[in-house]
Structure formats: C-alpha cells, structure tokens
Amino acid sequence: MSKMQIKRKFTIAGVDPYDGIAFKTVTSELRRADGTVLSDSGEFKVPESFSQVAADILARKYFRLAEVPQKTKPVKEDDVPDWLFRRIPSGKGTRSENDAREVFDRLAGCWTYWGWKGGYFNAEEDARAFFDEMRFMLATQMAAPNSPQWFNTGLHWAYGMTGSPQGHYYTDHQTGAVKKSGNAYERPQPHACFIQSVDDRLLGEGSIMDLWHREARLFKYGSGTGSNFSSLRGENEPLSGGGASSGLMSFLKVGDASAGAIKSGGTTRRAAKMVIVDIDHPDIETFIDWKNEEEIKVAALVTGTTVMKKRIEAVMTAALNCEGPADDCFNPAKNTALKRAMGQARRDGVPAGIIARGLALAKQGIDRIEITELTTDWNSDAYATVAGQNANNSVRVTDQFLKAVANDESWDLIRRTDGAIAKSVSAKALWEKIAQAAWTGADPGVQFHDTINSWNTCAVSGDIRGSNPCSEYMFLDDTACNLASLNLMKFKSSETGEFEFEEFEHACRLWTIVLEISVLMAQFPSEAIAARSFRYRTLGLGFANIGGLLMSSGISYDSDEGRAACGAITALMSGVAYQTSAEMAKVLGAFPGYDSNAEPMMRVIRNHRRAAENRKTYDGLTYKPMGLSKDLCPFHGVTGRAVKAWREAEKLGAEHGFRNAQVSVIAPTGTIGLLMDCDTTGVEPDYALVKFKSLAGGGYFKIINQAVPQALKTLGYDE
C-alpha cells in the first residue's frame, strides 16, 4: 500500500532550510509598568524577522530553561534513518536552550520520527521533505502549534529527557492497547484542549476529586480542560448515606482553588479551565450569579482598603496633631478633630478594632498604619482572594429553553437524583439573569446545545456536552484536541496583494499531518482519554491574523467583503484538512469510531460542501448556515478552491472514510499569535493599534500593530 507523498513547496532537497534565513543574537528584558527591569535573559539567537516581542515569547515561554544536555549522542534504531535517530546525553553538564533552531528542530524532528514509526511516509525522501518544510514554516512564522507542543514535544527525542511518570496513559499505535506511560517525556503531552467527564461521586475513578487530580496533571504540562458539571446533584438533594448535598457550587469552588495554585506548563502561565452547567440544573441561578457576586466582592475590597486607610490615617493625624495634654489628645470627648475623624470612620464602616489599632499606634508616635490598598488588576491580591477567577463559565441552553423564553413560559429545574422538579422559574427572567451577569462581569458565556449537536460528526457515539476552556473545541467527553494555527499574513502576496491559496493549501495539508502524528505519539491524563482520543483522533487546524490580513488589504473587518473573505479562507482550510484526513484514511485506515458514525459524519461533510457551494437546502439543520459568496470575496480564486476541496473531501471520504472525526478549530492564538508576530489573534479584529499585555508572572509586553503602513498604502495614502 502506498504511503503519504510529501511534496516540497518552501524548501529545496539537499539544502538546509535555514540557509536563506538570517539569524540575530538578542537578549530579553521583562519590565514592570514603571520601566524597572523584572528579569533579563542571556543572549540567544532568533530569525532576523522576529520582533523583540516574538523573541521574548520564545525565550520566556518556549525555550527549555533547564536539563538540556551540553552534548548528546545518537541512539541507533534499525528501522529509522540515521539522520532521524533520537539522542541521549553524552557526558555531564546541562544548560538551557538558547537558539531558536534548537526548538524548531526538536519539534519537527519529533513529528518526523513518530511519523516514520507510524508509517506515514512513502519513502525517506518524503520524511526529509516533511522535516525541512516544517522547520522552514516555524522559522518564518508561517504557522505554530499550540503551547504544549513547545513545552513538551521533542524533549525526549532531542535530549533524552525522561522524568518520573506522572500517571499518564497512551494507546500503542501498533496494538491499540492502552498502556501506562513509563516516563514524563518519551511520549509528550502535545494536546492543548481537553474535555473531561465527571461523575456525581466524591471519590473513585471518574469522580469529583479524581477530576481535580486529572486537571492538575493537564495544567502541569500546559494544557487546558473543560467539563460539564450538570451531573452533580444540586444543593440539599439527598445523599445515599443520609443527609443533604452541599451542592454544585461548593465543589466548583474547590476546583477553582486547585486550578489557581498551578502554573500551566511549569511557566508563568495561568491554568485554563471551562465550567459548563445545563440550563435545567437546580443550582443554575447561583451559578449564573457566581462571578458577578465575586466581582462585587473585589470592588468592595478595593473600595474598602482605600477608604479604611484614609479614615484611619485621619484618626491618627487628629490625635498626633493635637497640642493639648496627651490624655486629652487621645480622648474624643476632649479632642473635637479626633471625635469627628472617628465618627466619619464609623459612618464609612471601618471596624472598631481597626480604629482602636490606629489609636494604639498613634500613642507610640507612629503616624500611619500598614494597610495595603488593593487594586482591580486581574493579577492583584483582590482577585486572588475571591472565588471563580480560574475558569471561564458557560451555561448550556437548548432550543426548548429559548422557545420558552420567546413565549414567556415557565422553566423547570430538575433534580439530578430522581428527575423530580426542584423548582419552576420564569424562562424569560432566567435569560435576563444570564444577560445581566454577562454584561456586568463577562461570564457566563452561552453554548447552544442543539445547534452544536446538529454538526456532531459522531452523533451515534453520544451528544457533545462540553468544550475546552475557550470553546473552540467541542466534541465528546473524555477526548482531546491538539491545535496549530496558520499566520494568514504569510500567505498574502507582497506583489499582487492576493491570497496565495496554493501555498496555503500545502501548509494546511502538512499541518494536518503534524496534528495527526501528534495523536499517535501523545500521552493523556487518564486511561479513558487515551482510549477515546485514539478512537476519534480529533484535530484542531486553525488560523490567526485574519484582522491583520483584512486591514492590510484595505477591507473593513465588519463588512460583507470581510465576512466573505473569512468564510472562504476558513472553508478552504477545513476542506483541505478533511481531504488530507481522507487521504490518510486510505493509507492508515479511518478512525476506529468511523464505521458506526459514517452516516452522521457524511451528513456533516455534505452540509459543509453545500455551504461552500452556497446551496439553499441542507440536511438535518434547524438553522441554515451562511454560504460562501464568490462575488463578495475580495481574494480571487479562493472560493472556487474551497468548493473544489470540499467536493474532493466528500468523494474521498465516501470511498475511504476519514482518519479524524474533526479537523479544524479557530483558537484564540494568544501566545503563539505573538510568537508569529500576528497583528491580530485568531478570528478577532484589532482593538487597539498599541497594546500592553500584562503577564501572569509580572511585567508586560508592548505590542504595536505593524499592518498600519501597508493598510494606508493600500487605501491610497502617500508617504
């Protein structure tokens, strides 16, 4: 059987892909807002085209900062080409990575190594082409994988790192058996996005406490996770051993505190977590108001510390500035200024104990009290004090609920233990509560259960109930997705301004293979996720910088032309990815769960193809999607190529099935967007031409939109 043929588009056989790329030596300083240096690095090398921000991101986030051996030696394997041998330490001494090429090589090398072991390449020249193309795309900022790949991938292949096992599992690609990982890095954790189930049990596998354990394992290696907690019984529902449940919220607060204690990937990166609750849960009203009430607590803390410090210092000043006898100065009955200051402090709610403490200090000649004034900065002590700050919250609503809102009907909240009605509320009032809370504090978000499941490729295997922290990945519980994003500005012709769809298609094909290989080589935080991720093999190819592409092309983001361009590029990307997935299915077989889900998956593929063709009728959809518009798309030929890609994907899929149950997402691309020097992240517009990004570990980056000169030139402005 023939394997995957890899053509070269960006590199030449026998020529080092870095030969045409200039590199520079830089340093990285992380500064506070006042300009003082928080930390600095030694010298390191990056491509000449990298901005200082991109260099900072690479050095601060993605360089391996410890345990890199000074020297390595190859480990011979009979069935692996010698240039692809993995390496182990040779001699003593360790260091940190200090050259971008080391990172690019370990990522591309590890993918190629596992691709070779998994039978993805037709010949050694195909593997070499793949290796070179991936290194070139990384070095030229054409694309980037999600952060866990940078943290973990290739550390064993390039440096022989192992580390004690952390309780991970993997699926052996040769036997299909799920096994426990022998060490921390031989099989990396490259997946960023996880959806985990949770049972209504306190202890045991799959239980509430087990979920916190699994989440910690994910956060440690830089990944994020989401769960639908609707199976947990509501407050005061009966317990099997007698008594009443403390309810959903008590456990969510425990999980929130656990996430807040862990730095993701061992770096100064916040743990990423999503909490989802169905609209019919007995505790849904409390859940909706949770973050809103915590925001009020923060406001109270900030206001309180400011007022308290001001009032106590006024009390102390009134006592110390008195010119009479000491006993009289500290007696409010004889010191009018002190009486007035103490009265004002009491009226503003300052506790009597704090007032007494201020007077006691004043008697010792101290003129001020140590009260830290809290701020509303997200990284401040005020936010660290309150709950709910380590997750995105979402409410899952159904079409039935939305109809009840429209008709102003009552809505039943259902007990989890026996299915009885816990309470009936006004659907309209509940919807208003969601809107009010989201307007006030940005949470909860809303997920539309029925619409999501109308595009479920594996509907026979179950409903999609949850998502990852940013909601771009939605699939079955206990599965994972690894992501990569293409920098759209790198596919815009500098000469014609057109979108270079052939180069884009080539990149989409190769990065789909990268993500598929990453499923093969990965380890996972639980036995269930290792089995189900292998069974469905979901991928997350996406893009960044659509805002920069439109801006530089003189196209308004909020316009019919902008939407048409975005739709066409997205359709082309997904169509090519599914086409590639069907190609891989021809060689390696469809994903194990495909046969039982062939009907719903082909229905979804047909609906995508119809949307690309801008058809009027669809199969099994309540809400008709917006089709592509050839006339409105400003980039010549992209819409036609998207239609061709979807037709080919449908044809190949009908013949061979698909290697992957899903292939694409549009991720936020925050950190990797900065690494690629994108002017805008993900699918978003720019919200400021100059931005300051605060970092979880302190300091900030100043980010300047570099598309403005090109945009003005496109619009006809002179120098």
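The values are calculated or read from the model by the stated rules, or taken from the named source; none is laboratory data. Every value quoted in this text rests on a predicted model; they were computed, and no experiment measured them. Methodologically, a virtual Cβ is constructed for each residue, glycine included, from the backbone with ideal geometry; neighbour enumeration extends over all protein chains shown. Keep in mind that these areas ignore ligands, DNA and RNA; they rest on the heavy atoms of the full protein, side chains included. Shrake-Rupley method; radii C 1.70, N 1.55, O 1.52, S 1.80 Å.
Taking every full run of DSSP H in the chain, the ones that stretch at least 24 Å from end to end by Cα along their long axis and average 0.5 or higher on the Kyte-Doolittle scale are 501-521. Within the P(r) computed for region 489-545, what percentage of the Cα pairs occupies the region above 18 Å? Above the 18 Å cut-off, region 489-545 has 49 percent of its Cα pairs. With only the Cα atoms considered, region 582-661 has a convex hull volume of 95 Å³ per residue. Tally up the carbon and sulfur contribution to the accessible surface of region 563-719 as a whole percent, 1.4 Å probe, everything protein left in place. Within region 563-719, the accessible surface is 52 percent carbon and sulfur. Note on region 45-139: percent of Cα-Cα distances in each 10 Å bin, starting at 0 and stopping at the bin with the largest distance, equals 15, 40, 33, 12, 0. Straight-line cross-link reach from Lys309 at under 29 Å between alpha-carbon atoms covers these lysines, not counting any fewer than eight positions away in the same chain: Lys291, Lys297, Lys334, Lys339, Lys363. Ordering Gly670, Gly462, Gly353 by Cα displacement along the dipole of the chain toward the positive end leaves Gly353 in first place; charges were set at the Cβ atoms of Lys, Arg (+1) and Asp, Glu (-1). When region 413-485 is described by a simple charge dipole with +1 on each Lys and Arg Cβ and -1 on each Asp and Glu Cβ, the residue from Ser485, Tyr473, Ala422 located farthest towards its positive end is Ala422. Close amide H pairs (under 5 Å, H built 1.01 Å from N) link Phe23 with Glu48, residues at least 5 positions away or on another chain. Computed on the Cα trace of region 545-630, the radius of gyration divided by the Kirkwood hydrodynamic radius gives Rg/Rh = 1.07. No disulfide-compatible partner, judged by a Cβ distance under 4.7 Å, exists for the following cysteines of the chain: Cys110, Cys458, Cys470, Cys508, Cys566, Cys633, Cys678.
Of all lysines in the structure, those lying under 22 Å Cα to Cα from Lys693, and not within fewer than 8 positions of it along the same chain, are Lys61, Lys263, Lys273, Lys702.
Take every DSSP beta bridge whose two residues both sit in the chain; close to 60 percent of them are antiparallel.
Dipole magnitude for region 187-337: about 900 debye, using +1 per Lys or Arg Cβ and -1 per Asp or Glu Cβ, origin at the Cα centre. In this simple spin-label model, placing a label point 7 Å from the Cα along the Cα-to-Cβ direction at both Ser164 and Ser629 gives a separation of 6.1 nm. Which stretch or stretches of region 550-581 have amide N atoms under 13 Å from the point lying 7 Å from Leu621's Cα along the Cα→Cβ direction? Taking a point 7 Å out along Cα→Cβ of Leu621, the residues of region 550-581 whose backbone N falls under 13 Å are 571.
Could you tell me the distance between the Cα centroids of region 71-105 and region 189-231, to the nearest Å? Result: 34 Å between the Cα centres. In region 94-191, Rg over Rh equals 0.98, where Rg is the alpha-carbon radius of gyration and Rh the Kirkwood radius from pairwise Cα distances.
A Förster radius of 25 Å, combined with the Cβ-Cβ distance separating Thr72 from Thr175, puts the computed FRET efficiency at roughly 0.25.
List the lysines whose Cα sits under 17 Å from the Cα of Lys3, skipping any in the same chain fewer than 8 residues away. In chain and number order, the partners are Lys117, Lys586. In plain terms, the chain is cut at each of the chymotrypsin sites (Phe, Trp or Tyr not before Pro) found in a DSSP loop with at most 11 other Cβ atoms within 10 Å, and the longest leftover piece is 1-622. Our estimate of slack between Asn321 and Asp558, defined as 0.36 nm per intervening residue step minus the Cα-Cα distance, is 79.1 nm. Seen through its C-alpha gyration tensor, with square-root eigenvalues sorted a ≥ b ≥ c, region 364-513 comes out oblate because a/c lies at 1.5 or above while a/b is not bigger than b/c.
Label sites at Lys693 and Gln706, each approximated as a point 7 angstrom past Cα along Cα to Cβ, lie 1.3 nm apart.
Computed about the Cα centre, the dipole magnitude for the chain is approximately 940 debye when only Lys and Arg (+1) and Asp and Glu (-1) carry charge, each at its Cβ.
Size descriptors for region 226-340, from the alpha-carbon set: Rg then Dmax equal 24.7, 71 Å.
Taking 4 °C and 1.567 mPa s as conditions, the chain diffuses translationally at an estimated 46 µm²/s according to Stokes-Einstein applied to its Kirkwood radius (Cα pairs). Ranked from largest, the principal axis spans of the Cα set of region 391-468 equal 35, 32, 26 Å. Measuring nothing but how far apart in sequence close Cα pairs (under 8 Å, 6+ apart) lie, relative to its length, region 316-432 scores a relative contact order of 14 percent.
Here the sum of -39500 (n - 2.57) over DSSP H runs of 4 or more residues, divided by the residues of the chain, equals -13000 deg cm²/dmol at 222 nm, to the nearest 500. Under the simplified labelling scheme, the Lys339-Thr303 pair shows an inter-label distance of 3.0 nm, with each label point 7 Å from Cα along Cα→Cβ. Across all C-alpha atoms in region 115-254, the radius of gyration and Dmax reach 20.5, 68 Å.
Taking the charge dipole of region 1-148 about its Cα centre, with +1 at Lys and Arg Cβ atoms and -1 at Asp and Glu Cβ atoms, the residue from Gly42, Gly91, Gly119 reaching farthest to the positive side is Gly91. The orientation-averaged projection of the convex hull spanning the C-alpha atoms of region 424-576 amounts to 12.8 square nanometres. Using the Cβ-Cβ distance between Glu235 and Asn183 with R0 set to 41 Å, the FRET efficiency works out to roughly 0.40. When Leu632, Leu402 are compared by accessible surface with a 1.4 Å probe, the order from highest to lowest is Leu632, Leu402.
Evaluated with a Cβ-only charge set (Lys, Arg +1; Asp, Glu -1), region 28-180 carries a dipole of roughly 600 debye about its Cα centre, given to the nearest 20. Take region 564-604 with all the other protein chains still there, run a 1.4 Å probe, and you get 25 Å² of accessible area per residue. Could you give me D for region 287-328, from Stokes-Einstein at 25 °C and 0.890 mPa s, where the hydrodynamic radius is the Kirkwood radius over C-alpha pairs? Units µm² s⁻¹, please. The estimated diffusion coefficient comes to 191 µm²/s.
Rg over Rh for region 505-656 works out to 1.01, using Cα positions for both radii and the Kirkwood form for Rh.
Distances between every pair of Cα atoms in region 575-621, grouped in 5 Å steps from 0 to the bin holding the largest one, split as 5, 19, 23, 25, 15, 9, 3, 0 percent.
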